[in-house]
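So the structure is just underneath, and the comments pick up after that.
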């Protein structure tokens with residue numbers, strides 16, 4: 001089969017700019033140590049924050065469910081793929097998030113697509129944090145809604161947008177080529193709002209990650225929730241990296257800050273702290289019913305396997321009954337952040353993350369080539385911590401994204417810090 005010329009040209013261009021990506025095959029289960037290329041390395045790349053991906057109780061729940069339901073669901077939820085396991089998981093999630101209902105999707109990505117497209121459409125406006133996950137950008141594109149963005153974690157800028165203040169207009173100019181864009185995704189261009197500000201009619205939805213995936217920074221949720229209440233604007237939170245990690249019971253940043261009642265819908269994932277696969281939305285019964293009837297990514301896809309639902313239920317029980325996992329994880333994050341700052345590394349904005357550390361710790365290196373070189377040198381030294389480059393992060397902010405789990409030790413993090421110091425000190429000066 002002959003490939004069009006643009007394919008090779010595009011790949012060559014990515015290589016030349018240090019942006020080419022390739023897959024790394026692991027030979028073992030997710031954990032603090034994994035096998036790559038036949039050798040065991042220390043891993044700081046997994047979102048398995050609470051170490052539940054290989055927990056014996058989670059595996060046993062999946063094994064038992066496999067005996068009853070088999071693996072594949074066989075159909076979409078509305079046709080024949082919905083099982084008692086799905087219903088039980090959704091009841092558990094609703095109780096966990098203190099909402100009337102919950103709805104499970106095969107992935108967190110699809111959850112965002114399904115929720116946004118059910119809540120807004122053409123003629124509506126989505127007000128969104130620049131650093132939101134790429135799936136939220138794609139959701140706005142799929143919905144056909146207009147998009148306006150504000151600077152990361154900037155509640156004042158969000159206020160100006162929702163109040164219709166034209167001074168926010170510079171934030172709306174995001175028509176740059178793909179390679180130069182900021183944030184985590186490719187923003188819709190056809191429906192950008194111009195200098196006139198927000199659309200004068202239609203519904204409005206404010207969307208934000210609660211913990212930003214590439215720097216661990218926390219969103220100013222209290223201010224944003226009050227803003228949405230005052231401006232009569234719907235609010236959607238993506239708690240993917242906060243679920244299981246933050247809050248008195250692990251329900252997320254909204255629970256941590258006591259603002260959960262002011263949210264239209266909250267999205268979470270089963271594939272990070274809960275150690276499995278899938279995503280969910282927790283909201284009122286009416287919102288969930290609307291998604292079942294209007295959310296195309298929910299309607300037109302095969303259901304999550306029942307065994308994955310039972311594994312998630314087991315993980316939820318552990319989250320609720322073993323809060324010490326969260327405390328140990330966040331303590332480890334505090335210590336690592338302190339050590340990196342002591343050694344003079346740039347770990348990004350310290351406003352929200354300083355007072356409320358998360359398991360995501362960036363080491364910002366600037367150029368993509370430098371980030372790739374550091375990641376490669378670390379792997380040679382037995383430490384797996386991949387480079388993150390544009391378009392996932394803005395140009396000039398390529399980084400190593402350190403992802404901690406409760407299974408890591410202080411010795412593990414100190415080994416990482418020492419390796420980073422040696423690599424930096426060995427760089428040519430000037």
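The values are calculated or read from the model by the stated rules, or taken from the named source; none is laboratory data. Being a predicted model, the structure only gives us computed values, none of them experimental. Here Cβ is always computed from backbone atoms with ideal geometry, including for glycine, and neighbour counts include all displayed protein chains.
State whether one or more residues within segment 261-282 are at positive phi and either touching a strand residue (DSSP E or B) at 6+ places or on another chain (Cβ under 9 Å) or modelled with pLDDT under 95 (or both). Checking segment 261-282: at least one residue is at positive phi and either touching a strand residue (DSSP E or B) at 6+ places or on another chain (Cβ under 9 Å) or modelled with pLDDT under 95 (or both).
Filtering segment 357-372 to residues that are farther than 17 Å from residue 336 by Cβ, touching a residue at least 60 places away in the same chain (Cβ under 8 Å) and outside any helix (DSSP H, G or I) leaves only 367. When residue 308 is tested against (1) part of a helix (DSSP H, G or I); (2) buried (at least 23 other Cβ atoms within 10 Å of the Cβ); (3) in contact with a helix residue (DSSP H, G or I) (Cβ under 6 Å, 6 or more places away or on another chain), exactly one condition is not met: (3). Among residues of segment 92-101 being touching a strand residue (DSSP E or B) at 6+ places or on another chain (Cβ under 6 Å) and surrounded by 22 or more Cβ atoms within 10 Å (Cβ to Cβ), the one that is nearest to residue 301 (Cα to Cα) is 93. Any chance segment 71-78 includes a residue that's in a loop (DSSP other than H, G, I, E, B) and crowded, with 20+ Cβ neighbours inside 10 Å? Yes - at least one qualifying residue is present in segment 71-78. Of all the listed residues (50, 66, 89), the sole one being in a helix (DSSP H, G or I), buried (at least 21 other Cβ atoms within 10 Å of the Cβ) and touching a residue at least 40 places away in the same chain (Cβ under 8 Å) is 89.
Within segment 402-416, the residues that satisfy the criterion of being in a helix (DSSP H, G or I) and surrounded by fewer than 17 Cβ atoms within 10 Å (Cβ to Cβ) are 410, 411, 414, 415. Consider segment 373-396 and keep the residues that are in a loop (DSSP other than H, G, I, E, B) and more than 18 Å from the chain's Cα centre (by Cα). The one that is farthest from residue 412 (Cα to Cα) is 395. Only one of the numbered conditions (1) modelled with pLDDT under 95; (2) surrounded by 20 or more Cβ atoms within 10 Å (Cβ to Cβ); (3) touching a helix residue (DSSP H, G or I) at 6+ places or on another chain (Cβ under 8 Å) is not met by residue 171, and that is (2).
From the list 155, 146, pick out the single residue that is assigned by TED's automatic domain parsing to the domain that holds residue 235 and out of contact with any strand residue (DSSP E or B) (no Cβ under 8 Å at 6 or more places or on another chain). Please lay out each step first, then the result.
Details: 146 fails: out of contact with any strand residue (DSSP E or B) (no Cβ under 8 Å at 6 or more places or on another chain).
Only one candidate passes the filter, namely 155.
Looking across segment 420-430, the residues that are more than 27 Å from the chain's Cα centre (by Cα) and not in a loop (DSSP other than H, G, I, E, B) come down to 421, 422, 423, 424, 425. Report yes if residue 23 is free of Cβ contacts under 8 Å to residues at least 12 places away in the same chain, under 25 Å from the mean Cα position of the chain (by Cα) and either assigned by TED's automatic domain parsing to the domain that holds residue 243 or in a loop (DSSP other than H, G, I, E, B) (or both), otherwise no. Spelling it out, residue 23 is indeed free of Cβ contacts under 8 Å to residues at least 12 places away in the same chain, under 25 Å from the mean Cα position of the chain (by Cα) and either assigned by TED's automatic domain parsing to the domain that holds residue 243 or in a loop (DSSP other than H, G, I, E, B) (or both).
Residues of segment 354-365 include at least one that is assigned by TED's automatic domain parsing to the domain that holds residue 21, more than 20 Å from residue 34 (Cα to Cα) and surrounded by fewer than 15 Cβ atoms within 10 Å (Cβ to Cβ). When 85, 29, 94 are checked against the criterion of being in the same structural domain as residue 293 (by TED's automatic domain parsing) and either over 24 Å from the mean Cα position of the chain (by Cα) or at pLDDT below 95 (or both), 85 stands alone in meeting it.
Take residue 399 and decide whether it is in contact (Cβ under 8 Å) with a residue 24 or more places away in the chain and not in a helix (DSSP H, G or I). Yes: the conditions hold for residue 399.
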